[in-house]
Amino acid sequence: MPESNGAACGAAEKVKPAASPASEEPAAIAGNISFHAQYSPHFSPLAFGPEQAFYSTAESVRDHLVQRWNETYLHFHKTDPKQTYYLSMEYLQGRALTNAVGNLGITGAYAEAVKKFGYELEALVGQEKDAALGNGGLGRLASCFLDSMATLNLPAWGYGLRYRYGLFKQCITKEGQEEIAEDWLEKFSPWEIVRHDIVYPIRFFGHVEILPDGSRKWVGGEVLNALAYDVPIPGYKTKNAISLRLWDAKASAEDFNLFQFNDGQYESAAQLHARAQQICAVLYPGDATEEGKLLRLKQQYFLCSASLQDIFFRFKERKADRVSGKWSEFPAKVAVQLNDTHPTLAIPELMRLLMDVEGLGWDEAWDITNKTIAYTNHTVLPEALEKWSQIVMRKLLPRHMEIIEEIDKRFKEMVISTWKEMEGKIDSMRILDNSNPQKPVVRMANLCVVSAHTVNGVAELHSNILKEELFADYLSIWPNKFQNKTNGITPRRWLRFCNPELSEIVTKWLKTDQWTSNLDLLTGLRKFADDEKLHAEWASAKLASKKRLAKHVLDVTGVTIDPNSLFDIQIKRIHEYKRQLLNILGAVYRYKKLKGMSAEERQKVTPRTVMIGGKAFATYTNAKRIVKLVNDVGAVVNNDPDVNKYLKVVFIPNYNVSVAEVLIPGSELSQHISTAGMEASGTSNMKFSLNGCVIIGTLDGANVEIREEVGQENFFFFGAKADQVAGLRKDRENGLFKPDPRFEEAKQLIRSGAFGTYDYAPLLDSLEGNSGFGRGDYFLVGYDFPSYIDAQAQVDEAYKDKKKWIKMSILNTAGSGKFSSDRTIAQYAKEIWGITASPVS
């Protein structure tokens, strides 16, 4: 049905349309919004409901962004600084309207302008769909980094893919999680700008020809086009606006076979067009089949080739004389950062472009590649350290397979000739793994380590594990190659804009809002940590956020939760190592304990609302079972009149950035409980702590550093430490593990059918036995369960002392200064990329 809003239409008619793209005056902004409604129309003329008002408002804001983007682009072109190009398969941007007007410093002006149409700015913000370009922490980190790059005036760009349907939209039914396609581009995105002149050819398959002069050329196969879409990223209180350039795959008109179509062969006629649509259809398509593997590898190469061709164009565009014999200058002007192993193919692609297109020899091309590429490792999980079939690689990218083989050959020769003592370890260090002749693979992480000038981890603990375990053999060859860059988050989105009540209190007590771009200033709150006036204001702000969160939960789940209960939240991708299973087993034990109490005993209990949210990958069966279990437990607990005043369990569906912006400000306790040594860093832990939430967690990832910064007494620690894990797994294999009775009680209650008839045996069996595939409790849920329950008991007691709890909350915010992405990016810029600020004057 067509939408209509008579009152808004009437108000819109009273605002005279006038193009004022750069104005910051409310009346002129309103005129510009009206101008876009009439002269950049996407809807029928009489429609001006909230959705139409959002799009017109967004396009008006985009005018500001485009002006700044143009000025920044011209400035970089004129001054020709060294520039960083950030390659990532994911960007989890979230909504853009609030962030854009906030960074531009025009929130108040836009709020006043849209009132002239009868709308509140917050209502229009709610019309925006999250851009479905990412999944979890990897993508959210990349988006925080772009915000900081722009804010620090750094010459930098991001490159990614324009996924039409994203990962998936999560729906919760009686059967558990169901996946449907994201619809963020069902209409259009008002933020992106298509660049019809930025198009590059991307080849797949084919073969390699050897030319008479001995050079090689990749020919044949199929060729698609990469078309650029730019999303401007504004800095906070600066004139700089950088770009997130997203690639979409297209086939040309000449690839459409008109003869076949007219002959009734419709699918055959548009075969290449269909293949082009597949490339940017979905983030992380299933790879259980060879077709799925080919598509994933196509996606990765598509990103790398389009981005590097664009980088080459920009390099030549700046100074044409570099084309003739001055490629040695390339690393002095270009830094390429690989965000995890997904963009690894940038390495052989850069070599191919330098040798086959620009005519350089191997040694010069290798020197340039090594000085240009840097690699960030985000995981120590074996399944996430990508390994690609050599057969698939050779089929899809025959020239790149040749280059990878040559890199591997030269690396092996170098080690054997220079490091005799390493010869026995060379098989595990090589890029090519031929240990299984039937399934030879390319180790992408090894290719990154061998080829990049710098390799960094993302938290001190993680970086130490890389140096001491995962990449220890390489460290003896390249002791200066490895660095740590502890992750960070942008304080603009993750406190200033998403938690206005607390943000205003911080500004009031620090007597400055400079903390928004200098987060270390938060330490100034420590001297007020016992101030009763601050306590009262802090508690009031937290309650307002909790009420907003309670409304969201009611809206999306139908469950009523009490804002006076302890809000206990775990929101992240569902994975066994992140141990949502430990969380729900703890809730099951709490439920059992409550059921065994008298009414008088229950009144002494700290009421708690446990909220869990996150997406389980579509083919990850145990993760989906965990989602189902959380919902089944909630269905019983929340409808049990004996206990539902003291415990609620809620699964938050379709977790994304916008949901996080409601949940995190309203949280009081947050669970970051991964098996020690398995979480590279985590960044949601930083967001929670920044918003005055107390963490219960293991000493894993950035938890270690958060605990150091906020104070051990303001962090609930439990569980095995990273250096104990291997020994504990060995003990388990040897039959030495003795389960805690409380752990057995929780499992038994689930097995009894108390939470429904679904068969949870396969999930619970992963916690049983001493060894074997899918058994033996690899993630140490059973070992850590007793200390987890004990730590939760400490939480219950601490929460009863409101003065103590609020002080802990204040000190968490006060200790969060280190975890700004501004600090992280400044370190990357100085210590890895070698770039400096280039502000637009």
Worksheet item: How much net charge surrounds S476 when only the other residues with a Cβ under 10 Å from the Cβ of S476 are counted, with Lys and Arg +1 and Asp and Glu -1?
Response: -1
Practice prompt. Hey, can you grab everything whose amide H is under 5 Å from the amide H of A156? Only 5+ residues off in sequence or another chain; H modelled, so Pro and N-termini drop out.
Written response: T84
Worksheet item: Which residues' amide hydrogens lie under 5 Å from the amide hydrogen of L161, considering only partners 5 or more residues apart or on another chain, with H built in the peptide plane?
Response: W247
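How many percent of DSSP beta bridges within the chain run antiparallel, rounded to 5?
Working: 33 of 78 bridges.
The antiparallel fraction comes to roughly 40 percent.
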Discussion item. Between D213 and A754, what is the label-point separation in nm under the 7 Å Cα-to-beta-carbon projection?
Written reply: 7.7 nm
Worksheet item: By the gyration tensor of its Cα atoms, with a ≥ b ≥ c the square roots of the eigenvalues, what is the shape of the stretch 354-456: rounded for a/c under 1.5, prolate for a/b over b/c, or oblate?
Response: rounded
Worksheet item: Leaving out ligands, DNA and RNA, what percent of the accessible area of the stretch 626-699 is carbon and sulfur, probe 1.4 Å?
Response: 47 percent
Worksheet item: Given H placed on each backbone N at 1.01 Å, which residues far from W478 in sequence or on other chains put an amide H within less than 5 Å of it?
Response: none
Discussion item. Tell me the carbon and sulfur percent of the accessible area for the stretch 263-396, rounded to whole percent, probe radius 1.4 Å.
Written reply: 50 percent
Worksheet entry | Y266 - accessible surface, heavy atoms, 1.4 Å probe, Å² rounded to 10 | 130 Å²
Discussion item. So, R0 is 25 Å and r is the distance between the beta-carbons of V66 and K16; what FRET efficiency does that work out to, to 0.05?
Written reply: 0.65
Worksheet, complete the sentence: Given a Förster distance of 22 Å, the FRET efficiency implied by the Cβ-Cβ spacing of R410 and W478, rounded to the nearest 0.05, works out to 0.90
Practice prompt. Give the accessible area for W419 in Å² (nearest 10); use a 1.4 Å probe, count only protein heavy atoms, and leave out ligands, DNA and RNA.
Written response: 70 Å²
Worksheet entry | Per-residue HN-Hα couplings for the stretch 653-665 [Karplus 6.51, -1.76, 1.60; θ = phi - 60°; Hz; x = Gly/Pro] | x, 6, 4, 8, 4, 5, 5, 4, 5, 9, 6, 5, x
Worksheet item: Looking at the square roots a ≥ b ≥ c of the eigenvalues of the Cα gyration tensor of the stretch 538-694, which shape do they give, rounded for a/c under 1.5, prolate if a/b is larger than b/c, or oblate?
Response: oblate
Discussion item. From the phi angles alone, apply the Karplus equation (6.51, -1.76, 1.60; θ = phi - 60°) to the stretch 240-252 and give each ³J(HN,Hα) in whole Hz, x where the residue is Gly or Pro.
Written reply: 6, 9, 9, 10, 9, 9, 9, 9, 10, 9, 9, 10, 8
Worksheet item: At a probe size of 1.4 Å, how large is the accessible area of H42, to the nearest 10 Å²?
Response: 90 Å²
Fill in: Under 12 Å, Cβ to Cβ, from E405 - net charge with Lys/Arg +1 and Asp/Glu -1
+3
Worksheet item: Between R526 and F261, how many nm apart are label points set 7 Å from Cα along the C-beta direction?
Response: 6.9 nm
Practice prompt. List, in order, the whole-Hz ³J(HN,Hα) value for each residue of the stretch 737-753 obtained from phi through the Karplus relation with A = 6.51, B = -1.76, C = 1.60 and θ = phi - 60°; use x for Gly and Pro.
Written response: 7, 10, x, 6, x, 5, 5, 5, 4, 5, 5, 5, 5, 5, 5, 6, x
Fill in: Charge sum, other residues only, whose C-beta stays under 10 Å from S841's C-beta, Lys/Arg counted +1 and Asp/Glu -1
0
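For the chain, what does the accessible surface come to per residue with a 1.4 Å probe? Please give it in Å². Let's see the in-between values first.
Working: 32940 Å² over 841 residues.
The answer is 39 Å² per residue.
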Response to the item:
Taking H462, H196 and ranking on accessible area (1.4 Å, protein atoms only), highest first, one gets H196, H462
Worksheet item: Expressed as a whole number of Å, what is the distance separating the alpha-carbon centroids of the stretch 38-89 and the stretch 654-683?
Response: 31 Å
Fill in: Mean-position separation - Cα centroids, the stretch 789-827 and the stretch 573-645, in angstrom
23 Å
Item to complete: Before rounding to the nearest 500, sum -39500 (n - 2.57) across all DSSP H runs of length at least 4 in the chain and divide by the residue total; then give [θ] at 222 nm in deg cm²/dmol.
Response: -13500 deg cm²/dmol
Worksheet item: Taking the alpha-carbon set of the chain, what are its Rg and Dmax in Å?
Response: 27.6, 92
Fill in: Heavy-atom SASA rank of D183, D213, D263, D801 (probe 1.4 Å, accessible area, largest first)
D213, D263, D801, D183
Practice prompt. Arrange the peptides 408-415, 394-401 so that the one whose residues have, on average, the most other Cβ atoms within 10 Å appears first.
Written response: 394-401, 408-415
Discussion item. With just the Cα atoms defining each centre, how far is the stretch 242-266 from the stretch 478-555? Give it in Å.
Written reply: 48 Å
Worksheet item: From the Cα gyration tensor of the stretch 555-803, with a ≥ b ≥ c the square roots of its eigenvalues, which class applies: rounded if a/c is under 1.5, or else prolate if a/b is larger than b/c, or else oblate?
Response: rounded
Item to complete: Can you send over the carbon and sulfur percentage of the accessible area for the stretch 14-165, probe radius 1.4 Å, protein chains only?
Response: 53 percent
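The values are calculated or read from the model by the stated rules, or taken from the named source; none is laboratory data. Values in this document were obtained by computation on a predicted structure and should not be read as measured data. Note that we place each Cβ from the backbone using ideal geometry, even for glycine, and neighbour counts take in every protein chain shown. To get the accessible areas, we keep the full protein, side chains included, count just its heavy atoms, and leave off ligands, DNA and RNA. Shrake-Rupley method; radii C 1.70, N 1.55, O 1.52, S 1.80 Å.
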